[in-house]
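The values are calculated or read from the model by the stated rules, or taken from the named source; none is laboratory data. This structure is a prediction, so every number in the text was calculated from the model and none was measured. Positions of Cβ are backbone-derived with ideal geometry, glycine not excepted, and every protein chain shown enters the neighbour counts.
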Amino acid sequence: MDAITTVEQYRKVLLRINMLMNKGSQRISCEEMSEIRILRAQASEYERVRYDFSLVAATNEN
């Protein structure tokens, strides 16, 4: 699983997740569900690193 490193990659991942989710639970394949899980994990990690200001605060205190 490649890490998301840019805002552009992040937006593409969110668009792909949205497209797959719009298919609905009755029309989504097992492979697509697996893809959603992987993309969601990538997006969550990107958000944690980019927006977790507690990490920045802890670094600045030292």
*What are the pairs, 6+ residues apart or on separate chains, where a residue within the range 34-47 that is part of a helix (DSSP H, G or I) has its Cβ under 9 Å from a residue that is surrounded by 12 or more Cβ atoms within 10 Å (Cβ to Cβ) and among the charged types (D, E, K, R)?*
E35/R16; I36/R16; L39/R16
*Out of E61, E31, which single residue is at pLDDT 95 or above and over 16 Å from K12 (Cα atoms)?*
E31
_Any residue in the range 2-27 that is at pLDDT 95 or above sitting within a Cβ distance under 6 Å of a residue that is among the acidic types (D, E)? List the pairs, counting only those 6 or more apart or interchain._
L20/E32
